[in-house]
Amino acid sequence: CGSPSFWAANGLILGWILVVSFFARSYLVHRCEDKERVGYPYVEGDIRWDSRATVVYPAVCTAAGFFAGMFGVGGGIVKGPLMLAMGVHPKVSSASSACMILFTSFTATTSFVVFGLLDMEYAPVCLLLGFAATLVGQIGLWSGSRGTRTSPSRSARLWR
């Protein structure tokens with residue numbers, strides 16, 4: 001850390017992110033304009049990637065990711081509610097958050113293994129405990145939602 005090659009690698013990564021972001025923004029704005037021109041019927045949960053949304057949402061996500069990293073929580077925990085505020089369907093928001101948390105956890109675990117910080121005596125216990133807790137939580141959610149009609153409006157009421 002701190003060597004010229006370290007800073008060069010970080011600069012290249014940041015440059016690459018900015019280039020890809022510019023092209024993705026351009027694509028999304030043009031696609032949104034095309035949809036508006038032909039009268040595309042947006043459905044509930046669709047995001048309108050106009051010129052404002054393609055700047056505001058990535059900026060907020062970047063800030064959320066930065067602060068999530070500073071406080072040691074996964075970005076998916078922060079971005080789930082953000083996606084709900086963007087108008088994303090709650091099921092899509094939940095699945096996306098879970099996917100982000102999976103990759104954050106995998107990356108953290110890989111870092112611990114690479115640097116020799118993972119205690120291999122505790123790893124299997126933590127793995128089994130994590131799977132058991134997830135299974136119990138999923139069964140609880142499934143049994144609690146049986147017989148009820150879940151919809152975006154029901155989920156949105158939690159935030160009011």
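The values are calculated or read from the model by the stated rules, or taken from the named source; none is laboratory data. Small disclaimer: the values here were computed from a predicted structure and weren't measured. Methodologically, a virtual Cβ is constructed for each residue, glycine included, from the backbone with ideal geometry; neighbour enumeration extends over all protein chains shown. Accessible surface is based on the protein model in full, side chains and every heavy atom, while ligands, DNA and RNA are left aside. Shrake-Rupley method; radii C 1.70, N 1.55, O 1.52, S 1.80 Å.
One residue stands out among those in the stretch 6-51 that are in a loop (DSSP other than H, G, I, E, B) and among the acidic types (Asp, Glu): the one that is farthest from SER96 (Cα to Cα), which is ASP50. Filtered by the rule that a residue be within 23 Å of VAL88 (Cβ to Cβ) and either of a type in the set (Ser, Thr, Tyr) or touching a Phe, Trp or Tyr at 6+ places or on another chain (Cβ under 6 Å) (or both), the stretch 1-51 gives SER21, SER26, TYR27, LEU28, CYS32, TYR40, TYR42, SER51. Within the stretch 118-134, being hydrophobic (A, V, I, L, M, F, W, C) and either modelled with pLDDT of 90 or more or part of a helix (DSSP H, G or I) (or both) holds for ALA123, VAL125, CYS126, LEU127, LEU128, LEU129, PHE131, ALA132, ALA133. Pairs linking a residue in the stretch 73-95 that is at positive phi to a residue that is surrounded by 13 or more Cβ atoms within 10 Å (Cβ to Cβ) and among the β-branched types (Val, Ile, Thr), with Cβ atoms under 9 Å and 6 or more positions apart or on different chains, are GLY87/ILE47.
One residue alone among GLY76, GLY144 is modelled with pLDDT under 85 and loosely packed, with under 11 Cβ neighbours inside 10 Å, and that residue is GLY144.
For the stretch 1-44, the candidate set comprises residues that are of a type in the set (D, E, K, R) and either open to solvent by 100 Å² or more (accessible area, probe 1.4 Å) or under 21 Å from the mean Cα position of the chain (by Cα) (or both); within that set, the residue that is modelled with the lowest pLDDT is GLU44. The conditions are (1) in contact with a helix residue (DSSP H, G or I) (Cβ under 8 Å, 6 or more places away or on another chain); (2) surrounded by fewer than 16 Cβ atoms within 10 Å (Cβ to Cβ); (3) within 26 Å of LEU141 (Cα to Cα), and VAL55 fails exactly one of them. Which is it? Among (1) in contact with a helix residue (DSSP H, G or I) (Cβ under 8 Å, 6 or more places away or on another chain); (2) surrounded by fewer than 16 Cβ atoms within 10 Å (Cβ to Cβ); (3) within 26 Å of LEU141 (Cα to Cα), the lone unmet condition for VAL55 is (3).
Yes/no matrix, rows are residues, columns are (1) under 13 Å from the mean Cα position of the chain (by Cα); (2) not polar (S, T, N, Q):
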residue	(1), (2)
ASP46	no, yes
VAL55	no, yes
THR62	yes, no
PHE67	no, yes
VAL73	yes, yes
LEU82	yes, yes
ALA85	no, yes
HIS89	no, yes
SER93	yes, no
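The single condition from (1) under 28 Å from ALA108 (Cα atoms); (2) part of a loop (DSSP other than H, G, I, E, B); (3) of a type outside the set (D, E, K, R) that ILE77 fails is (2).
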